[in-house]
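Report on the following structure.
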Amino acid sequence: MTDKPEKPKLHPLLKLALDLGPLVVFFAANARFGIFVATAVFMATIIAALAVSYALTRHVAIMPVITAIIVLIFGTLTLVLHDETFIKLKPTIIYTLFGLTLLGGYLFDKPLLAIMFDAMFHLTEEGWRKLTLRWAAFFLVMAVVNEIVWRTQTTEFWIGFKLFG
């Protein structure tokens, strides 16, 4: 029996920087230049983060890829149409997509979180089901909260909410 070579893994702090870096840059660019420049910078840094991750591991997880695709689509719409509504919709769409995907896995008895986090957590089948249901509910609630905040508050408040909420 041959052992598969272990995939290279990122240092946890580097992974955190690649995951959160584009958001931090978005908030900083918004504070200095406004939402449209921040959106363009966000798009560029999310691509850079994926490229660095791939260069170091020769692998990119599916969630960051889906997030990047949605950021690029809605960021482009924001910039081309000069309408900040699209970048505000992005979290709602991502949260809903993740929530429904987890819920679908739960309903069809496919523990998607167990597949993603198996090496990190050792839970029973029931534990994975509970965790999946709770994460699905969390993402769906976050989608609703994002909708309420961006539709009822100023852009600056929404950005602050995204940063600290």
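The values are calculated or read from the model by the stated rules, or taken from the named source; none is laboratory data. If you're wondering where the values come from, they're calculated on a predicted model, not measured in any experiment. Here Cβ is always computed from backbone atoms with ideal geometry, including for glycine, and neighbour counts include all displayed protein chains. Ligands, DNA and RNA are excluded from the accessible area calculation, which covers all protein heavy atoms including side chains. Shrake-Rupley method; radii C 1.70, N 1.55, O 1.52, S 1.80 Å.
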Is it the case, given these coordinates, that Arg151 is loosely packed, with under 14 Cβ neighbours inside 10 Å, charged (D, E, K, R) and assigned to a helix (DSSP H, G or I)?
yes
Under 20 Å from Val65 (Cα atoms) and surrounded by 18 or more Cβ atoms within 10 Å (Cβ to Cβ): is that true of Ile46 in this structure?
yes
Some residue of the range 99-110 being surrounded by 13 or more Cβ atoms within 10 Å (Cβ to Cβ), assigned to a helix (DSSP H, G or I), of a type in the set (A, V, I, L, M) and free of Cβ contacts under 8 Å to residues at least 24 places away in the same chain:
no
Output for the range 124-147, where each listed residue is free of Cβ contacts under 8 Å to residues at least 12 places away in the same chain and within 19 Å of Phe108 (Cα to Cα)
Thr124, Glu126, Gly127, Lys130, Arg134
Take the range 122-148 and flag every residue that is of a type in the set (Val, Ile, Thr) and either touching a Leu at 6+ places or on another chain (Cβ under 6 Å) or assigned to a helix (DSSP H, G or I) (or both).
Thr132, Val141, Val144, Val145, Ile148
Selection within the range 64-84 - in contact (Cβ under 8 Å) with a residue 40 or more places away in the chain and hydroxyl-bearing (Ser, Thr, Tyr):
Thr78
Filtering the range 71-94 for residues that are open to solvent by less than 20 Å² (accessible area, probe 1.4 Å) and either at positive phi or not hydroxyl-bearing (Ser, Thr, Tyr) (or both) leaves a count of 6
Over 29 Å from Gln153 (Cα atoms) and either open to solvent by 60 Å² or more (accessible area, probe 1.4 Å) or at pLDDT below 90 (or both): is that true of Pro64 in this structure?
no
Criterion (farther than 27 Å from Met116 by Cβ, open to solvent by 50 Å² or more (accessible area, probe 1.4 Å) and at pLDDT below 95) met by exactly one of Ala31, Ala17:
Ala31
Scan the range 52-60 and tell me whether some residue there is open to solvent by less than 50 Å² (accessible area, probe 1.4 Å), under 18 Å from the mean Cα position of the chain (by Cα) and without any contact (Cβ under 8 Å) to a residue 12 or more places away in the chain.
yes
